[in-house]
Amino acid sequence: MPADPVAPPAVTDDDPGGRTVRRLVAIVALIAVLPALYLPGLVHNFFDLKIYMSAMDWWTAGHPLYDYVQPDRVQGELYFTYPPFSALLLWPFGLIRLGATVVIFTVLTVVAVVVTTRWLVTPVIARHHLPRTFTLTVAVLLVLAVESTRETITFGQINMLLVVLILADLLFAVPQARRWAGVGVGLATALKLFPGIFIVYLLATRRWRAAAVASATAAAATLLAAAVAPGDSWRFWTQELWDNDRVGRTDYTGNQSLFGLLSRFTAPEKPDRLLWLLVVAVVAAYGLWRAVRAARAGDALTGLTLTGLVGALVSPITWTHHIYWFVPAVVLLADAALSANRPDEFRRRRWLAVLAVGTAALIIYGVVSFHDWGVAPVRTDDPVDFVLRNGYVLLSLLLLVALPVRAAGPVRAVEKSRQMDTTPQ
């Protein structure tokens, strides 16, 4: 009798070949989606980087740096607005071709994404025994997909350089009490004022030495720029720093700060400064209080993520490419969801997973990439319009409240290890 036909083996979770195929399909799908996500951003055509380079040419020709202005159909007139120390670092790029500068900035941004994503995700992989290569690859592709990364690359921004400096400092140097702890935050603050919120965080967590090093580093870099360009430095710190109109319209949807939200209520008029300061004080106090609690619990990543979100909310101008801090927030939410294993934690696990997926979906889709909000100032009178135009502000406020503090973060493990190493045997 002929043998009965034998069915081929089913592909199950125990089949390494099946798992490999599914992982490859997931990676290929993510790679295929990226061009479509970047397509709207190509109209930026490295606009910000071109302003930097044109400003460097203007400066090299002997003109005052902060007199440089470039017209824009949405924002009106745009100026060079970075501190003088940034100009010192950007100046050498003005000596090479623009195309080469674009390539260098793009490559450095992608490298920074890979490095920082590895820093964030590797501890989660180890804690939950996830497939290392696959998880890291998916994580990097997802970070490349989020709007803040897309806008950073297509505008030619320097944001990821700042992120590298801040994360290297607050994830490694400060928890391990390195002698150079604070240098990264100080350099980032001298390059672009936004990271100064992390010096406040160091003070609030009583990291006195790191705060002093950060402040001294920022001051030294600023004084170096003042020695090279005294006139431009004096003008920046006494005049241009306080002029928000040089950066662009505060009511524009791309400005995802509390001041931007209030500006969209009052456009074309500016919002009441006293009301804004009151809101900022409440949000900053609550956010930094939670950040300090996270740091004292040994959760460095949650502490710095909350601080970054506070900085984005309280700054008068926070463009979408500034808000990298949603990325570590998603990592924290996913980590906490995976850690909730007890039966009484299933509801919390489901909530954290939904929040992680929802946050990732919003920051990938974005608030400006696929919308044309027009040129003229328009008030947000409609509730739906209010939510759509202030998506990142509302998400930041939600995360300030909902972001979990992990019971045993990476800092606590490091400190415990150091204590064991120094205990007499």
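The values are calculated or read from the model by the stated rules, or taken from the named source; none is laboratory data. Here the structure is a predicted model, which is why all the values come from computation and not from measurement. All Cβ positions, glycine included, derive from the backbone under ideal geometry; neighbour counts span all protein chains shown.
Structure values in brief
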{"read-out": "Residue within the range 127-135 that is out of contact with any Leu (no Cβ under 6 Å at 6 or more places or on another chain), at positive phi and outside any helix (DSSP H, G or I) present", "value": "yes"}
{"read-out": "Selection count where residues are surrounded by fewer than 14 Cβ atoms within 10 Å (Cβ to Cβ) and either within 16 Å of the chain's Cα centre (by Cα) or not small (Gly, Ala, Ser) (or both), scope the range 372-394", "value": "7"}
{"read-out": "Breaking point among (1) modelled with pLDDT under 90; (2) not in a helix (DSSP H, G or I), for Arg19", "value": "(2)"}
{"read-out": "Where a residue in the range 205-222 is within 20 Å of Leu162 (Cα to Cα) and in a helix (DSSP H, G or I) and its partner, wherever it lies, is of a type in the set (Phe, Trp, Tyr) and modelled with pLDDT of 95 or more, with Cβ under 7 Å and at least six apart", "value": "Ala221/Phe85; Thr222/Phe85"}
{"read-out": "Considering residues of the range 230-261 that are part of a loop (DSSP other than H, G, I, E, B) and either touching a strand residue (DSSP E or B) at 6+ places or on another chain (Cβ under 6 Å) or modelled with pLDDT of 95 or more (or both) only, the residue nearest to Trp276 (Cα to Cα)", "value": "Ser257"}
{"read-out": "Within the range 83-96, considering residues that are within 16 Å of His63 (Cβ to Cβ) and under 22 Å from the mean Cα position of the chain (by Cα), the one surrounded by the fewest Cβ atoms within 10 Å (Cβ to Cβ)", "value": "Leu90"}
{"read-out": "Members of the range 58-82 that are under 20 Å from Ala225 (Cβ atoms) and surrounded by fewer than 14 Cβ atoms within 10 Å (Cβ to Cβ)", "value": "Thr60, Ala61, Gly62, His63, Pro64, Asp67"}
{"read-out": "Every pair of residues 6+ apart whose Cβ atoms lie under 7 Å, when the first sits in the range 86-106 and is touching a residue at least 12 places away in the same chain (Cβ under 8 Å) while the second is assigned to a helix (DSSP H, G or I) and among the acidic types (Asp, Glu)", "value": "Gly94/Asp57"}
{"read-out": "Val393 within 26 Å of Asp72 (Cβ to Cβ), part of a helix (DSSP H, G or I) and among the β-branched types (Val, Ile, Thr)", "value": "yes"}
